[in-house]
Ligand code: GUN
C-alpha cells in the first residue's frame, strides 16, 4: 500500500483564501490585521523565513512591518521596541524570529510580548492557556499539524493513539497538548526513550519533530498509520528532507506529509490565522 499525501501547499492555499476573505471584511470595518516581524542579526535561514512571513501577510491583505536589527542590538533596546509594538493599535501580532543572538535572553523577549499579540503562541500565558483549555494563541507548527489531520477527517482522535517524537517547547510539547485536546491517547517520545520503534509501532498517528533525518523508518510504522513530518533537514546531496524516511514509510503508512510541501507552508498559514484572530479579538 502506498500512503496518500497530505498536501500542505493545497491546504495552505485553501486556508489562506479564507483568511484573506475574513481579513478583507475586517479591513472594511477599519481594522486591517497587522503583523510586526522582528529579525535580529543575519542568520540566512531566518532571513528567508521572515521574508516568507511578510510576503504571506501582503498576499492575505494584512498590514505588516519587518524590523531588521544588527546582531549587536542590546536586549534592552529590543525589549523597548516590543513594548512600543505592544502599544501600537495598528499591530495585532508580534513575532520575534528565533534564534536570537546569544547575549539576548529568548525567554525574557517572549515574555515581554503582550499575550494578546503573541501570535507565535510561545508566551507562557499561551502555553498555559493551551494546557487548561482557555482562549489563547496556539503555536503555529503544531496548530498546522492539527489542521492537516482535520483535513483528512481526523478532527476527533477519540480511541486513537498519537505518538509525538520530540519534546521542544515550540513543537513537541504543544503538539501533545493539542492532540490530547482532540481526545487522542498521547505518548511523547524523546532522546531518553528506550525503544522508540516499539512505541511508534502502536501509533495510529505519529508526529516526528526532532530535527534529525531518518528518525522514523518503515519498520517503526503500523500499516495504515498517519505520519506527520515536522522535520526540516538537508540530506547528503543538500536536498531538503524531513525526519521521516519518506520513501520507505510511504509504503507502509496510510497518510504521510511530504517535505517540502507538507507542514512547512502550514506554519506560516497558521501564523496568518493567529494574526487575523488577534485582530478580530481587538476589533470585537
Ligand atoms: N524560528 C524557527 N521557527 C520559528 C517560529 O515559528 N517562530 C519564530 N518566532 N521563530 C522561529
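The values are calculated or read from the model by the stated rules, or taken from the named source; none is laboratory data. On a predicted model such as this, the values are computed, not experimentally measured, just so you know. Positions of Cβ are backbone-derived with ideal geometry, glycine not excepted, and every protein chain shown enters the neighbour counts.
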Exercise for the section: Return the residue satisfying two criteria in turn: it lies in region 150-174 and is without any contact (Cβ under 8 Å) to a residue 40 or more places away in the chain and in a helix (DSSP H, G or I), and of such residues it is surrounded by the fewest Cβ atoms within 10 Å (Cβ to Cβ). Expected result: 150
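Taking the condition of being touching a strand residue (DSSP E or B) at 6+ places or on another chain (Cβ under 6 Å) and either assigned to a helix (DSSP H, G or I) or within 14 Å of the ligand (Cβ to nearest atom) (or both), how many residues in region 72-100 meet it?
Step one: of region 72-100, the residues touching a strand residue (DSSP E or B) at 6+ places or on another chain (Cβ under 6 Å) are 73, 85, 90-97, 100.
Among the residues that remain, those that are also either assigned to a helix (DSSP H, G or I) or within 14 Å of the ligand (Cβ to nearest atom) (or both) are: 85, 93-97, 100.
Of the residues in region 72-100, 7 are touching a strand residue (DSSP E or B) at 6+ places or on another chain (Cβ under 6 Å) and either assigned to a helix (DSSP H, G or I) or within 14 Å of the ligand (Cβ to nearest atom) (or both).
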Problem - Count - residues of region 20-51 that are surrounded by fewer than 15 Cβ atoms within 10 Å (Cβ to Cβ), in contact (Cβ under 8 Å) with a residue 24 or more places away in the chain and either under 19 Å from residue 95 (Cβ atoms) or within 12 Å of the ligand (Cβ to nearest atom) (or both) - result: 1
Fill in the blank from the handout: Selection from region 60-76 of residues surrounded by fewer than 12 Cβ atoms within 10 Å (Cβ to Cβ) and within 29 Å of residue 21 (Cα to Cα) yields none
Problem - Complete set of residues in region 234-284 that are within 16 Å of the ligand (Cβ to nearest atom), in contact with a helix residue (DSSP H, G or I) (Cβ under 9 Å, 6 or more places away or on another chain) and over 30 Å from residue 32 (Cα atoms) - result: 240, 242, 259, 260
Exercise for the section: Could you pull out the residue among 218, 194, 182 that is away from the ligand (no atom under 16 Å from the Cβ), surrounded by fewer than 21 Cβ atoms within 10 Å (Cβ to Cβ) and within 20 Å of the chain's Cα centre (by Cα)? Expected result: 182
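Give the residue, chosen from 153, 224, that is under 21 Å from the mean Cα position of the chain (by Cα) and at positive phi.
Details: 224 fails: under 21 Å from the mean Cα position of the chain (by Cα).
Sole residue among the options that is under 21 Å from the mean Cα position of the chain (by Cα) and at positive phi: 153.
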Exercise for the section: Give just the number: which of (1) touching a helix residue (DSSP H, G or I) at 6+ places or on another chain (Cβ under 7 Å); (2) in a loop (DSSP other than H, G, I, E, B) does residue 219 not satisfy? Expected result: (2)
Problem - Hits in region 101-141 - residues which are within 15 Å of the ligand (Cβ to nearest atom), touching a residue at least 60 places away in the same chain (Cβ under 8 Å) and part of a helix (DSSP H, G or I) - result: 117, 140, 141
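Filter region 243-284 down to the residues that are without any contact (Cβ under 8 Å) to a residue 60 or more places away in the chain and over 15 Å from the mean Cα position of the chain (by Cα) and list them by number.
244, 245, 246, 247, 248, 284, listed by residue number.
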Exercise for the section: Could you tell me which of the residues 70, 120 is modelled with pLDDT of 95 or more and out of contact with any helix residue (DSSP H, G or I) (no Cβ under 7 Å at 6 or more places or on another chain)? Expected result: 70
